[in-house]
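One structure is given here, and the rest of the page talks about it.
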Amino acid sequence: MTAARYLVLHGAAGRMGQSILRLLPESSLKLGAALVRPGSAWVGEPIADHVSGAKVDQEFLDALDPDAECSVLMDFSHGESFSAALELARYRGAAFVSGTTGLNPLQQSELAHAAQHIPVIWSANFSVGVALLTRLVREASRALGSSADVEIVETHHRHKQDAPSGTAWHLGQAVAEGREIVLDTVAVTDRAALQSARQPGEIGFASLRAGDVVGEHTVLFALEGERLTLSHSAGHRDLFARGALRAAEWIIGRPAGLYRMEDVLG
Ligand SMILES: NC(=O)c1ccc[n+]([C@@H]2O[C@H](COP(=O)([O-])OP(=O)(O)OC[C@H]3O[C@@H](n4cnc5c(N)ncnc54)[C@H](OP(=O)(O)O)[C@@H]3O)[C@@H](O)[C@H]2O)c1
């Protein structure tokens, strides 16, 4: 019989946290603990009272019991609380999966440092489709080189504040990797400010903000007389939770290291 594997969720009261709690039964993982912000009104409350569809009889907690099982710690919280979650995973020797965005350079290096001791996946987008798109974009870029003009177009809901999206930038990095160049040196995020013709090798970004769009990304490769477009549309936030759960199942028991969502695809 296979030993049970336990997920400890940090940021459990958030939108992603609640999706993960609801979708957990679709995975092979059991809930070790659901952690919320210290002082949250949900501390000590039954999870099932707040998350419809959650099939667990535990309560929300604000700290991890030293005796609680933790095979993987998953964090979908906030930049302010990310480092504490990472430290907890290191302390427990658990795998770490995080989708928290807005990390500063120090937190990025904390992540790399922790990966010397535990297996880690951080991704700005846990969609399985985007992971595959990234791979296809890198491959197309490698084949076409700088002979293709590349423009990356992303659309998100009207509330999104940053642009271009982290995923658009991630796709730009895949284009740059395919060409073996550094994205920063060729990225154009504000063409209106340039007031000049397109320069060879540029990788352009355009951002649309409208309605309730969850997330759409298109990478256009334009050659003389032909165009190739690779696109992904996200229909529901649950897809990120499903992808994160798949990553959590995959990473448990791996050697220490910094893995990518693409690695999870195999
Ligand atoms: N990688 C992906 O695929 C993906 C997909 C969606 C979202 N995200 C990212 O995941 C994160 C969470 O997204 P969300 O939509 O679930 O946001 P959310 O609904 O705002 O939830 C964030 C949760 O973090 C908790 N939190 C905030 N500060 C905290 C602190 N100092 N200590 C402990 N807990 C704290 C909040 O607690 P309270 O409820 O008490 O405020 C809340 O429950 C964001 O960074 C978002 O950009 C990533």
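Derivation of every value follows stated rules applied to the coordinates shown; laboratory data play no part. Since this is a predicted model, take the numbers as computed values, not measurements. With ideal geometry, Cβ positions are generated from the backbone for all residues, glycine too; neighbour counts draw on all protein chains shown.
General remarks:
- Evaluation of residue 25 against (1) farther than 29 Å from residue 167 by Cα; (2) assigned to a helix (DSSP H, G or I) (one fails), failing number: (1)
- Residue 59, sole failed condition from (1) of a type outside the set (Ser, Thr, Tyr); (2) within 13 Å of residue 9 (Cα to Cα); (3) more than 12 Å from the ligand (Cβ to nearest atom); (4) under 24 Å from the mean Cα position of the chain (by Cα): (4)
- Top-ranked residue in the stretch 124-158 [being within 11 Å of the ligand (Cβ to nearest atom) and assigned to a loop (DSSP other than H, G, I, E, B); ranked as surrounded by the fewest Cβ atoms within 10 Å (Cβ to Cβ)]: 124
Residue-wise test of (1) among the aromatic types (Phe, Trp, Tyr); (2) crowded, with 22+ Cβ neighbours inside 10 Å; (3) farther than 29 Å from residue 256 by Cα; (4) out of contact with any strand residue (DSSP E or B) (no Cβ under 6 Å at 6 or more places or on another chain).
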position: 18; (1), (2), (3), (4): no, yes, no, yes
position: 35; (1), (2), (3), (4): no, yes, no, no
position: 39; (1), (2), (3), (4): no, no, yes, yes
position: 57; (1), (2), (3), (4): no, no, yes, yes
position: 63; (1), (2), (3), (4): no, no, no, yes
position: 66; (1), (2), (3), (4): no, no, no, yes
position: 81; (1), (2), (3), (4): no, no, no, yes
position: 97; (1), (2), (3), (4): no, yes, no, no
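- If you filter the stretch 1-47 down to residues that are among the basic types (Lys, Arg) and within 20 Å of the chain's Cα centre (by Cα), you find that the one that is farthest from the ligand (Cβ to nearest atom) is 22.
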